[in-house]
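Right, one structure below, let's go through it.
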Amino acid sequence: MSSAIIIDGKEASSRLKTAIAISVAALKAKHNIVPGLATVLVGEDPASQVYVRSKQKTATAAGMNSFQHDLPVTTSQNDLLVLVRKLNANPAVHGILVQLPLPKHIDQFAIITAIAPAKDVDGLHPESAGRLLAGGDSLVSCTPMGCIMLINDVMPAIAGKHAVVLGRSILVGKPVSLLLLNENCTVTMAHSKTQDLPALCRSADILVAAVGKAEMVKGDWIKPGATVIDVGINRIPTPDGKGRLVGDVDYLAASKVAGAITPVPGGVGPMTIACLMVNTLKAACQQHGIKDVTIPLRLLPKA
Ligand code: NDP
């Protein structure tokens with residue numbers, strides 16, 4: 001039987017999207033500016049197509065402009081760079097998202113670094129990462145931002161708590177760790193060479209798992225009452241051949257011990273796209289020097 005609070009990412013993201021739509025409307029009413037998000041998809045990977053369409057739909061539903069660029073898989077790196085530079089120069093575009101992964105013949109880093117940092121709504125440009133490290137106001141990558149919002153939503157006072165982050169990727173582990181540090185948590189970043197992970201995890205008031213290993217974190221690794229944020233998305237085989245999505249945490253066992261836990265799917269995932277909209281709104285306000293529109297960085301209380 002589950003004793004943990006189940007953190008409903010769909011419900012939380014819908015609260016966030018409501019707050020974003022209110023701010024987008026205020027930006028239009030006060031300043032006649034509509035945030036614009038450009039999404040760039042190279043190739044026809046079905047999962048990437050689904051993600052990009054969902055980003056466009058969410059932007060439009062929030063009252064933003066959405067500009068979609070679908071390019072063939074044969075697009076050269078140079079042609080993609082030309083498009084990115086055009087979008088950098090387009091004043092109607094406040095945020096640029098190039099859907100990853102890119103085809104192998106394109107250097108991902110070259111594309112990410114070509115995006116103007118002011119429009120880097122994915123938060124992956126080294127300048128964005130550097131600003132986060134230096135404590136400046138940056139566009140933070142979306143999944144880590146979503147994790148922090150969910151944690152703040154269920155744990156109103158996290159200063160001084162011990163947070164253990166499993167994984168040290170640029171995409172998730174490192175930015176989550178820095179954001180938790182900015183919230184005055186005591187942060188331990190763990191990775192594949194860390195010794196005695198179970199004992200380390202058992203000391204965590206907040207455990208963020210972002211390793212990409214199906215159900216690696218067992219129930220007896222969890223400190224009773226801890227908040228567990230499971231970022232992992234892993235497909236495991238099922239007898240019907242369709243497969244099933246699971247996280248990095250053994251959810252059934254962990255939910256008997258944790259105080260609050262995100263399910264997979266339906267936890268962190270839905271927050272990621274909503275946080276992309278936060279960044280697009282923020283980028284639009286920053287590019288126009290606007291300070292009187294609220295950028296939602298915390299979830300509104302439940303109605
Ligand atoms: P990466 O593969 O880039 O990084 C994985 C990290 O986990 C590495 O730092 C690695 O350590 C560490 N790791 C791997 N195995 C172990 C182990 N046995 N013990 C401890 N640490 C380990 O993955 P990402 O950060 O990009 O993604 C992580 C997961 O999150 C994936 O399942 C991904 O699909 C998911 N994800 C979900 C998103 C969402 O919206 N919900 C968005 C982004 C990612 P080392 O550095 O030593 O190799």
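The values are calculated or read from the model by the stated rules, or taken from the named source; none is laboratory data. The model shown is predicted, which means the values in this text are computed figures rather than measured ones. Every residue, glycine among them, receives a Cβ derived from its backbone with ideal geometry; neighbour counts consider all protein chains shown.
Taking the listed residues Val249, Val208, Val228, Val264, the one that is touching a Cys at 6+ places or on another chain (Cβ under 9 Å) and over 30 Å from Leu27 (Cα atoms) is Val208, with no other qualifying. Yes or no: segment 196-204 includes at least one residue that is within 23 Å of Ile5 (Cβ to Cβ) and in contact with a His (Cβ under 9 Å, 6 or more places away or on another chain). The answer is yes; a qualifying residue exists.
Looking only at residues in segment 134-155 that are more than 16 Å from the chain's Cα centre (by Cα) and modelled with pLDDT under 95, which one is nearest to Asn279 (Cα to Cα)?
It comes out as Asp137.
Confirm whether Leu179 is in contact with a Lys or Arg (Cβ under 9 Å, 6 or more places away or on another chain) and touching a residue at least 40 places away in the same chain (Cβ under 8 Å). It is false that Leu179 is in contact with a Lys or Arg (Cβ under 9 Å, 6 or more places away or on another chain) and touching a residue at least 40 places away in the same chain (Cβ under 8 Å).
From the list Ala303, Ala253, Ala284, Ala204, the lone residue that is crowded, with 22+ Cβ neighbours inside 10 Å, over 21 Å from the mean Cα position of the chain (by Cα) and either in contact (Cβ under 8 Å) with a residue 40 or more places away in the chain or over 29 Å from Gln99 (Cβ atoms) (or both) is Ala204. Across segment 215-265, which residue is nearest to the ligand (Cβ to nearest atom) among those that are of a type in the set (Asp, Glu) and assigned to a loop (DSSP other than H, G, I, E, B)? Out of the qualifying residues, it is Asp248.
In this structure, does Cys185 turn out to be surrounded by 14 or more Cβ atoms within 10 Å (Cβ to Cβ), within 21 Å of the chain's Cα centre (by Cα) and touching a residue at least 24 places away in the same chain (Cβ under 8 Å)? Yes: the conditions hold for Cys185.
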